[in-house]
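Trainee: Structure provided below as structure tokens; questions to follow.
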Amino acid sequence: MDAQYDVVILGAGPAGMSAAVYASRAGLKTAMLEKGAPGGKLVKTNEISNYPGFVTSGGPELALKMFEHSTAFGAEYLYGDVTKLNDLGEIKEIELMDGSTVTAKAVIIATGRDEKLLNVPGEQRYTGQGVSYCAVCDGAFFKNEEVAVIGGGNSALEEAMYLTQFAKKVYIVIRRDVFRADEIVQQQLAENDKIEVIRKHVPVEVTGENGKVAGLVLKHVETEEKMTLAVKAVFPYIGQDPGTSFVSHLDILDSQRYILTDEHMATKIPGVYAAGDVISKTLRQVVTATSDGAIAAQSVFHYLKG
């Protein structure tokens, strides 16, 4: 079997697009395979202000610039939903939802992760306009405003505390009357007078005004009585799922289903690399994703050239 490409990059977010730039510039026959619009989480982020070189940029605008750059040196953009990655030794076979396959000598997995949604009215409508899944990305846009964080785990509490450096008040909404977070995180939370915890409530609607978030409707889990918080932003932190179901059979995942890589972005399988939010790491930001992509592409180049 002959490979169609030297390298196929699964995912066209910041990590994948960065990898495409480096791989195609190195002369590799390159393709990006994406099931949606290029840009990843950038297309859902209203503004980016922590990516070097851009004091502020709209997420979709930055995504477009990256996409134009990623295909400027010959990388192809393919549309498709990956269902399985097969390791055939020197060839990697990618099975797609429509039944077709793509083959390559090497693969870079940059499929990111998907936030678990609240699935309430207004959430998707106001995503990027007050509904955000990244406090580090968007918290600074809500200085002296009241905001709400949904969730009771470590991530939710840590992001709530991060938001207090900007927001006037931060509500934390939890379904139960106790947190799932570590005790030390709960202690830090209790010492912050900007945070108010609302227990035994669940969100039922995000409301808006003039195209932006204006409130969050909550319902008591026992009495079903409703209340509305006049917040300007809602940050759901009820969990995220890495996009790794198509490699669950390859034994390259950690216990949380993130991909394990070394410093070269290489997995234990020769010719299979990974980059961006889908890998096991501590900081998931646009700038770290692009760095991962560059390293992965350079590693692929050296792998293929021996």
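The values are calculated or read from the model by the stated rules, or taken from the named source; none is laboratory data. Computed from a predicted model, the values in this text were never measured in an experiment. Note that we place each Cβ from the backbone using ideal geometry, even for glycine, and neighbour counts take in every protein chain shown.
Trainee: Condition first: touching a Gly at 6+ places or on another chain (Cβ under 8 Å), surrounded by 15 or more Cβ atoms within 10 Å (Cβ to Cβ) and closer than 18 Å to residue 35 by Cβ. Now tell me which residues in the stretch 95-108 satisfy that. Even if it seems obvious, please write down each step before you answer.
Mentor: Filtering the stretch 95-108 for residues touching a Gly at 6+ places or on another chain (Cβ under 8 Å) gives 96-98, 100, 102, 105-108.
Applying the additional criterion that residues be surrounded by 15 or more Cβ atoms within 10 Å (Cβ to Cβ) yields 96, 102, 105-108.
Within the stretch 95-108, 96, 102, 107, 108 meet the criteria.
Trainee: A further question follows. Just the residues that are without any contact (Cβ under 8 Å) to a residue 60 or more places away in the chain and charged (D, E, K, R), please, taken from the stretch 205-244.
Mentor: 209, 219, 222, 224, 225, 226
Trainee: Follow-up question, since we're still on this one. Given the conditions (1) of a type in the set (Val, Ile, Thr); (2) assigned by TED's automatic domain parsing to the domain that holds residue 293; (3) over 30 Å from residue 261 (Cα atoms), report the number of the one that residue 71 does not fulfil.
Mentor: Answer for residue 71: the failing condition is (3).
Trainee: If we scan the stretch 283-301, do we find a residue that is assigned to a loop (DSSP other than H, G, I, E, B), surrounded by 16 or more Cβ atoms within 10 Å (Cβ to Cβ) and either in the same structural domain as residue 85 (by TED's automatic domain parsing) or touching a Phe, Trp or Tyr at 6+ places or on another chain (Cβ under 9 Å) (or both)?
Mentor: Checked against the condition, which is being assigned to a loop (DSSP other than H, G, I, E, B), surrounded by 16 or more Cβ atoms within 10 Å (Cβ to Cβ) and either in the same structural domain as residue 85 (by TED's automatic domain parsing) or touching a Phe, Trp or Tyr at 6+ places or on another chain (Cβ under 9 Å) (or both), the stretch 283-301 yields at least one hit.
Trainee: For the stretch 261-282, name all the residues that are closer than 25 Å to residue 89 by Cβ, surrounded by fewer than 15 Cβ atoms within 10 Å (Cβ to Cβ) and either not assigned by TED's automatic domain parsing to the domain that holds residue 26 or not charged (D, E, K, R) (or both).
Mentor: The answer is 264, 270.
Trainee: Please count how many residues of the stretch 174-189 are surrounded by 10 or more Cβ atoms within 10 Å (Cβ to Cβ), part of a helix (DSSP H, G or I) and of a type in the set (A, V, I, L, M).
Mentor: Total meeting the criteria: 2.
Trainee: Related question: Would you mind stating whether residue 158 is at pLDDT below 95, of a type in the set (Asp, Glu) and either part of a strand (DSSP E or B) or outside the structural domain of residue 64 (by TED's automatic domain parsing) (or both)?
Mentor: Considered against the rule, which asks whether it is at pLDDT below 95, of a type in the set (Asp, Glu) and either part of a strand (DSSP E or B) or outside the structural domain of residue 64 (by TED's automatic domain parsing) (or both), residue 158 comes out as yes.
Trainee: Another question about this same structure. Mind listing just one residue for me: the one in the stretch 242-256 that is of a type in the set (Val, Ile, Thr) and in a loop (DSSP other than H, G, I, E, B) and, of those, farthest from the chain's Cα centre (by Cα)?
Mentor: 252
Trainee: Considering each residue of the stretch 198-241, count those that are within 19 Å of the chain's Cα centre (by Cα) and of a type outside the set (S, T, N, Q), and give that number.
Mentor: 8
Trainee: When you look at residue 45, is it touching a Cys at 6+ places or on another chain (Cβ under 6 Å) and over 21 Å from residue 297 (Cα atoms), yes or no? Outline the logic, then answer.
Mentor: Working: touching a Cys at 6+ places or on another chain (Cβ under 6 Å): yes; over 21 Å from residue 297 (Cα atoms): yes.
Against the criterion (touching a Cys at 6+ places or on another chain (Cβ under 6 Å) and over 21 Å from residue 297 (Cα atoms)), residue 45 qualifies.
Trainee: How do the strands (runs of 3 or more DSSP E) wholly within the stretch 76-141 filter down when requiring 2 or more residues that are more than 30 Å from residue 306 (Cα to Cα): which remain? Walk me through it before giving the result.
Mentor: Details: elements: 76-79, 82-87, 92-96, 101-109, 113-115.
Fully inside the stretch 76-141 and qualifying: 113-115.
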